[in-house]
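Asker: Have a look at this one.
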Amino acid sequence: MKKNYKLIIIGGGLVGLSTAYNLVTNYNGYSTIKGEDILVLEKNKFFNDKGSSAGSTRQFRYQYTEKYMTELVIQSIPDWQKLQQFTTNNLIEHVGSLWFGDPKLPTTEGGINPAEKTMDKTGVPYSNLNKTQIENWYQFKNLPDDYVGFYQKEGGAINLPETLKTFYSQASIAGVQMLENTPVLDIKKRKWKIYYSNRRT
């Protein structure tokens, strides 16, 4: 196995595998780093359910309180389309995003009114909904009178397992070294040497 790498990525979840994939993806005719110069270390098996990327789906949406977040989603579309070419399974199911509730209350995902303002600023189309429309069109019953919402047709669900597998396969094809069951034990600044234990059986 190669002894010296230009980059060692600790963690083979969504962020780690995405990083490896993007580093070896050709942009304007060249990649950032050659695949054989990259090592990914995962303390468990790849595609496990122990990290922050566990589960089968993630929400794909344009509605955010922060304008820059919506702009990032818009800018990511060409990259999603490029990644989709490497698998026959849909990476994103565009089933739409339905948000509704009390427009005055913020949530951990962002409030309804701030999200609408962000979509207005960035040109993202959506349809406003009142309580009656939400109940009649989406089969909810006895909602509070002050409930409103919106439907954004291009939102949906990210197929997380397939996305991880596609990142992994394309990075591997490009020569990235992948080691699972390999926890990092220590990092020392002597020219940034990393010590790890390969427990593969």
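Asker: Any idea how many residues of the range 35-52 are open to solvent by 90 Å² or more (accessible area, probe 1.4 Å) and touching a strand residue (DSSP E or B) at 6+ places or on another chain (Cβ under 8 Å)?
Answerer: Counting residues in the range 35-52 that are open to solvent by 90 Å² or more (accessible area, probe 1.4 Å) and touching a strand residue (DSSP E or B) at 6+ places or on another chain (Cβ under 8 Å) gives 2.
Asker: How many of the residues making up the range 1-25 are of a type in the set (Val, Ile, Thr), touching a Ser or Thr at 6+ places or on another chain (Cβ under 9 Å) and free of Cβ contacts under 8 Å to residues at least 40 places away in the same chain?
Answerer: Residues flagged as of a type in the set (Val, Ile, Thr), touching a Ser or Thr at 6+ places or on another chain (Cβ under 9 Å) and free of Cβ contacts under 8 Å to residues at least 40 places away in the same chain within the range 1-25 amount to 2.
Asker: Has the range 53-68 got any residue that is at pLDDT below 95, of a type in the set (Lys, Arg), outside any loop (DSSP other than H, G, I, E, B) and open to solvent by 60 Å² or more (accessible area, probe 1.4 Å)?
Answerer: Yes: one or more hits.
Asker: Right, something else. Given the structure, is Ser127 modelled with pLDDT under 95 and at negative phi?
Answerer: no
Asker: Could you tell me whether the range 139-157 includes any residue that is in a helix (DSSP H, G or I), within 26 Å of Thr70 (Cβ to Cβ) and touching a Leu at 6+ places or on another chain (Cβ under 9 Å)?
Answerer: Within the range 139-157, not a single residue is in a helix (DSSP H, G or I), within 26 Å of Thr70 (Cβ to Cβ) and touching a Leu at 6+ places or on another chain (Cβ under 9 Å).
Asker: Next question, about the same structure. Do you know which residues across the range 115-124 are open to solvent by 70 Å² or more (accessible area, probe 1.4 Å) and under 30 Å from Val15 (Cβ atoms)?
Answerer: Result: Lys117, Lys121.
Asker: Which numbered condition trips up Asp102, out of (1) closer than 25 Å to Pro144 by Cα; (2) under 24 Å from the mean Cα position of the chain (by Cα)?
Answerer: (2)
Asker: Kindly provide the set of residues from the range 128-160 that are crowded, with 16+ Cβ neighbours inside 10 Å and closer than 30 Å to Tyr21 by Cα, ordered by number.
Answerer: Gln152, Glu154, Gly155, Gly156, Ala157, Ile158, Asn159, Leu160
Asker: Of all residues in the range 70-103, count the ones that are open to solvent by 80 Å² or more (accessible area, probe 1.4 Å) and free of Cβ contacts under 8 Å to residues at least 40 places away in the same chain.
Answerer: 5
Asker: State whether the residues of the range 165-177 include one that is farther than 25 Å from Asn90 by Cβ, out of contact with any helix residue (DSSP H, G or I) (no Cβ under 8 Å at 6 or more places or on another chain) and either assigned to a helix (DSSP H, G or I) or modelled with pLDDT under 95 (or both).
Answerer: There is no residue in the range 165-177 that is farther than 25 Å from Asn90 by Cβ, out of contact with any helix residue (DSSP H, G or I) (no Cβ under 8 Å at 6 or more places or on another chain) and either assigned to a helix (DSSP H, G or I) or modelled with pLDDT under 95 (or both).
Asker: Within the range 26-34, identify whether any single residue is touching a residue at least 40 places away in the same chain (Cβ under 8 Å) and either in contact with a strand residue (DSSP E or B) (Cβ under 9 Å, 6 or more places away or on another chain) or among the acidic types (Asp, Glu) (or both), and answer yes or no.
Answerer: no
Asker: Would you mention how many residues in the range 19-45 are in contact with a Leu (Cβ under 9 Å, 6 or more places away or on another chain) and either in a helix (DSSP H, G or I) or at pLDDT 95 or above (or both)?
Answerer: 11
Asker: Can you name every residue in the range 149-182 that is β-branched (Val, Ile, Thr), more than 30 Å from Ser127 (Cβ to Cβ) and under 16 Å from the mean Cα position of the chain (by Cα)?
Answerer: Thr166
The values are calculated or read from the model by the stated rules, or taken from the named source; none is laboratory data. As the structure is a prediction and not an experimental result, all values here were calculated from the model. A quick note on method: Cβ atoms are made from the backbone with ideal geometry, for glycine too, and the neighbour counts reach across all protein chains shown. To get the accessible areas, we keep the full protein, side chains included, count just its heavy atoms, and leave off ligands, DNA and RNA. Shrake-Rupley method; radii C 1.70, N 1.55, O 1.52, S 1.80 Å.
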